[in-house]
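A short reminder: the numbers here are calculations on the coordinates, not readings from a lab. All figures in this text were calculated on a predicted structure; none of them were measured in a lab. In this analysis, Cβ positions are derived from the backbone assuming ideal geometry, glycine residues included, and neighbour counts consider all displayed protein chains.
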Amino acid sequence: MPPQDKTTNLTESPWPIGEMLVKAGQISLNHVEAALAHQSKQIEPDLIGEILVREGIISQPELMAFLVAKFFEERKEYAAQPLPPTAIRFAGVEKTLDGRKVLDRVDLEIPQGKITAIIGVSGGGKSVSLKHMIGLMAPDRGQVFVGDQELGSLTKKQLLRVRERFSMLFQGSALFDSMNVFDNVAFPLREKTRHDPETIAKMVRKTLAQVGLSGMDAKFPDELSGGMMKRVALARALVTQPEIILLDEPTAGLDPIIENAIHHLICDTFMRARYTMVIISHAIPQIFNWCHHVLVLHEGKILESGPSVVVMESQHPVIKQFINGNLTGPIKVI
Ligand SMILES: Nc1ncnc2c1ncn2[C@@H]1O[C@H](COP(=O)(O)OP(=O)(O)OP(=O)(O)O)[C@@H](O)[C@H]1O
Ligand SMILES: [Mg+2]
């Protein structure tokens, strides 16, 4: 077969990482074919990178560096592209908690297959918004759509089915204290899938290795540092490989090196499978580098929504003050 045809085949085949690496001249098409030839079973699209690593064609750090560099390019291009379809939408969402209007007629859209960051001052309603997305909280007024399904119109069973498309890392990690690390990460697999114990064990160990926690299986949450707990919670959110991943403060309380490592890991995970991801973050300004899209939530309203490269340059006084961390400005701190 002439090489041209082979490339066309590869483009049409569902191995975007293999295709990207070939196009960038990092590996040859023969490498991909050789790696695939060694595999007996049907290959998941996101596994091609892993197979190339296992076959020694590219190292794990090289692959991650490549994917992150690609992501940075994409993130810039995103600003010039038409908006992708919407995965989650709020229409006029209102929520009052303890007599305070936490969400005040919020309209927002989360783009499908992209990373969206939600930023804003403490108490602004970020975590409450995330809980509305997954149907853990219902709006007093307005509607929440996941795809074309309006959550308020669903039966309990239908809502559960929608929830299965999500995974969530809660702000406080929310690990089960009575379970060790292995069981915490295995929990959603045992609940949501019918994988046999051996497959579950493989998936758990692989994900723990990705978050840098190999060999920690038997530890209990009270034996872990805050950073380790976050990483276990992240592993639990990633292990089921759902369509939509919601991460509430995945790097809060971590040292800058681990924060950076977690951002790399989230990006690497995204590039392999193109989930819709929503990340609430106080890692300002770093988080702007790690997302396509940003929503700024302030006093129950969306102040700005757009590509991260655009929002980063916003001249809105509240956003400028927030990004720069100034004590003086429209946000009254003290
Ligand atoms: N279950 C609840 N019951 C009553 N009030 C709540 C509840 N959950 C949140 N709130 C209130 O809603 C407001 C917004 O809370 P939320 O947790 O969404 O803030 P946030 O933007 O995530 O802040 P942070 O950055 O500090 O996490 C706060 O005033 C909080 O006290
Ligand atoms: Mg919060």
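Ordering His282, His293 by the number of other Cβ atoms within 10 Å of each residue's own Cβ, fewest first, gives His282, His293. Separation of region 152-183 and region 101-120 by C-alpha centroid, Å? Centre-to-centre (Cα) distance: 20 Å. Panel order for Phe145, Phe166, Phe220, Phe176, by other beta carbons found within 10 Å of each beta carbon, from fewest to most: Phe176, Phe220, Phe145, Phe166. To the nearest 10 degrees, how steeply does helix 3-12 sit against the main Cα axis of the chain, on a 0 to 90 scale? For helix 3-12, the angle is close to 40 degrees. In terms of the Cα gyration tensor, with a ≥ b ≥ c the square roots of its eigenvalues, is region 189-254 rounded because a/c is under 1.5, prolate because a/b exceeds b/c, or oblate? Taking the square roots of the gyration eigenvalues as a ≥ b ≥ c, region 189-254 is oblate. Modelled this way, with points 7 Å down the Cα-to-C-beta line, the labels at Val121 and Asp183 are 4.4 nm from one another. Listed by Cβ neighbour count within 10 Å, with the fewest neighbours leading, Ile257, Ile134, Ile323 appear as Ile257, Ile323, Ile134.
In the chain, the calculated helix contribution to ellipticity at 222 nm averages -12500 deg cm²/dmol per residue, counting -39,500 (n - 2.57) for every DSSP H run with n ≥ 4.
For the peptides 207-218, 104-115, the ranking by packing is 104-115, 207-218, with the highest mean count of neighbouring Cβ atoms within 10 Å listed first. For a straight C-alpha distance cut-off of 21 angstrom, the lysines reachable from Lys320 (same-chain residues fewer than eight places away being disregarded) are Lys76, Lys126, Lys301, Lys332. The simple spin-label model puts a point 7 Å past each Cα toward its Cβ; for Asn260 and Glu223 those points are separated by 3.1 nm. By the Stokes-Einstein formula, at 0.890 mPa s and 25 °C, the chain with its Kirkwood radius over alpha-carbon pairs has D equal to 115 µm²/s.
Bridges between two residues of the chain, per DSSP, are antiparallel at a rate of about 55%.
Between Asp140 and Asn324, residue separation times 0.36 nm minus the direct Cα-Cα distance comes to 62.8 nm.
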